[in-house]
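The structure appears right after this line, and notes come after that.
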Amino acid sequence: MSEATDQPTDQPTASRRTVLCCAAAVLATGAATAVAGCSSASSESKEFAAGGPVELGAEADVPVGGGKVYREEKIVVTQPQAGTYKAFSAKCTHAGCVVDEVKGGVISCPCHSSKFAIADGAVQDGPAPKPLPEYRVAVKDGKFQVTKG
């Protein structure tokens, strides 16, 4: 029996160090899993992974001087001038967040306020370190066809 509690001591006890080490291991494992879940390979669209084009919405959905974010495909299509379409990765080059708005000639990221030009994906305001990667875009039967490269 333990003198302090008058309870049987046949149950194993863990030291403070053991508890803290186990807690740290659980947290580290969770962090590693979270980081692995954020890798670019796992978030790349299936269509791009297969090498084929991605078919997006209608040409009419992208206004002159603006654009549209296709969130699920992680692609943003813009129309900087009438009849000129551009397509970019919708993943911000700062932290990988998906951009959420195209307005006033700028593609905006909600996470840290990075801004990119709709004409070439160039950084207009940081903290993004580099432009959005550009994709090839064509219009086929009134819909966008986007391919990588």
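One decimal place: the segment Val139-Cys111 gains 7.0 nm when fully extended, by the rule 0.36 nm per residue minus the C-alpha distance.
Farthest toward the positive end of the dipole of segment 43-147, out of Ala90, Ala128, Gly66, is the Cα of Ala128, where the dipole comes from beta carbon charges about the Cα centre.
The tail of the calculated P(r) for segment 43-147, taken as Cα-Cα distances beyond 24 Å, holds 15 percent of the pairs. Applying 1/(1 + (r/R0)^6) with r as the Cβ-Cβ distance of Ala95 and Ala119 and R0 = 25 angstrom yields a FRET efficiency of 0.60. Report, in listed order, any pair from Lys68/Lys140; Lys115/Lys143; Lys103/Lys140; Lys91/Lys143; Lys74/Lys103; Lys86/Lys115 with a Cα-Cα distance greater than 20 Å. Distance filter (> 20 Å) returns Lys115/Lys143; Lys103/Lys140; Lys91/Lys143. Computed 3J(HN,Hα) for segment 68-79, one whole-Hz value per residue from the Karplus formula 6.51 cos²θ - 1.76 cosθ + 1.60 where θ = phi - 60°, is 9, 9, 9, 4, 4, 8, 6, 10, 10, 10, 10, 9, glycine and proline marked x.
Each value in this text was obtained by applying a stated rule to the coordinates, not by laboratory testing. As the structure is a prediction and not an experimental result, all values here were calculated from the model. Positions of Cβ are backbone-derived with ideal geometry, glycine not excepted, and every protein chain shown enters the neighbour counts.
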